[in-house]
Amino acid sequence: MTTLQGQVALVTGASRGVGRGVALGLAHAGAKVFATGRSVTHAELGSDITAIACDHTNDLDVAKAFRQIGDTTGRLDILVNVAWGGYERMVEDGQFTFIAPFWKQPTWRWDAMVTAGVRAAFVASQHAARTMVEARRGLFVQISSWAAQKHIANTLYGVAKAATDKMTTDMAHELKSHGVTVVSLYPGLVRTEAVLAAGVFDLSHSESPEFIGRAVAALASDPHVSRRTGAVLVAAALAEEYGFTDVDGRQPRPLSVADV
């Protein structure tokens with residue numbers, strides 16, 4: 001696939017998991033991809049992807065990363081906000097705390113999801129918007145979840161994902177007249193390192209991280225993607241619409257809010 005030839009993309013939180021899969025998917029589609037994350041320079045991304053070490057809780061790090069992209073390319077067409085936290089220690093002292101009620105949740109998970117997740121997406125979006133508004137083009141993809149609409153796993157997860165979706169709709173409203181599209185994208189259960197390590201999930205209908213990258217690439221390749229601005233999209237439903245499959249050739253079943 002070379003449908004994104006000439007386009008420049010930034011994927012945050014690309015050291016592993018969904019972020020790494022999105023970076024690979026966009027690179028395979030022909031985009032020039034920059035990938036950020038605290039340990040991204042040690043990730044297996046290949047020589048086509050430019051890794052920039054960046055702690056997305058550090059605003060100076062973020063500004064430096066955007067300067068590097070601007071100095072190198074002079075443009076930014078796609079921003080995918082994946083940087084997130086709260087998944088890294090699902091099991092603590094032998095207990096699977098990720099599904100604990102809010103009064104039993106470790107408080108570090110608030111900062112991990114809201115500060116390292118929602119705020120990180122907001123700050124990166126500010127930088128990207130300045131470039132895209134001037135160019136009058138661009139696509140933001142915010143990785144979100146059905147937890148924004150239904151109790152899944154824990155209260156903190158729902159709060160953070162609901163904030164992400166609200167940020168999408170309001171940014172879309174403010175950017176629409178400037179030619180910039182903003183969407184939330186819901187993966188299904190993704191076979192990330194954290195999910196595999198937890199060992200508690202039914203993976204029979206799961207998705208690879210690269211599948212989410214194919215969904216983003218399909219959106220970015222759509223000349224009419226602006227009609228979707230402000231929308232919540234489901235990766236597996238996009239696969240049916242655009243005609244792509246997962247890396248193993250399977251077509252994961254799109255989930256609804258009733259399924260999850």
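Using a cut-off of 14 Å between beta-carbons, work out the net charge of the residues near Thr12 (Lys and Arg +1, Asp and Glu -1, Thr12 not included).
Around Thr12, the surrounding residues sum to +2.
State the label only: which of (i) 120; (ii) 131; (iii) 141 corresponds to volume of the Cα convex hull per residue in Å³ computed from the shown model?
Of the labelled values, this structure produces (i).
Between Ile143, Ile212, Ile69, where does the largest GNM mean-square fluctuation fall for the chain, given springs only between Cα atoms within less than 10 Å?
Ile69
Cross-chain or 8 or more residues apart, Cα under 25 Å: how many lysine pairs in the chain fit that? Count them up, please. Intermediate values should be presented prior to the final figure.
Working: Lys32/Lys64; Lys32/Lys176; Lys104/Lys150; Lys104/Lys161; Lys150/Lys161; Lys150/Lys166; Lys161/Lys176; Lys166/Lys176.
Close lysine pairs found across the chain: 8.
Taking only the C-alpha atoms, wrap a convex hull around region 88-183 and report its volume per residue in Å³ as a whole number.
It is 85 Å³ per residue.
For Asn58 and Gln126 in one chain, what is 0.36 nm times their gap in residues minus the Cα-Cα distance, to one decimal in nm?
Residue separation times 0.36 nm, minus the Cα-Cα distance, leaves 23.1 nm.
Ordered by packing density, taken as the mean number of other Cβ atoms within 10 Å over each peptide's residues, highest first, how do 90-101, 218-229, 121-132 rank?
121-132, 218-229, 90-101
Ranked from highest to lowest mean number of other Cβ atoms within 10 Å per residue, what is the order of the peptides 17-26, 42-51?
Values: 17-26: 28.8, 42-51: 15.1.
Those peptides, ordered most packed to least, come out 17-26, 42-51.
Per the helix-only calculation at 222 nm, which mean residue ellipticity applies to the chain, given -39500 (n - 2.57) for every DSSP H run of n ≥ 4 and division by its residues, nearest 500 deg cm²/dmol?
Taken over the chain, the calculation gives -11000 deg cm²/dmol.
Could you order peptides 181-188, 55-62, 110-117 by the average number of other Cβ atoms within 10 Å of their residues, highest first?
Per-residue Cβ counts within 10 Å, averaged per peptide and sorted highest first, yield 181-188, 110-117, 55-62.
Once you place label points 7 Å from the Cα toward the Cβ at Ala135 and Trp103, how far apart are they in nm?
That separation, rounded to one decimal, is 5.1 nm.
Bear in mind these aren't lab numbers, they're just calculated from the coordinates by the rules spelled out. All figures in this text were calculated on a predicted structure; none of them were measured in a lab. Methodologically, a virtual Cβ is constructed for each residue, glycine included, from the backbone with ideal geometry; neighbour enumeration extends over all protein chains shown.
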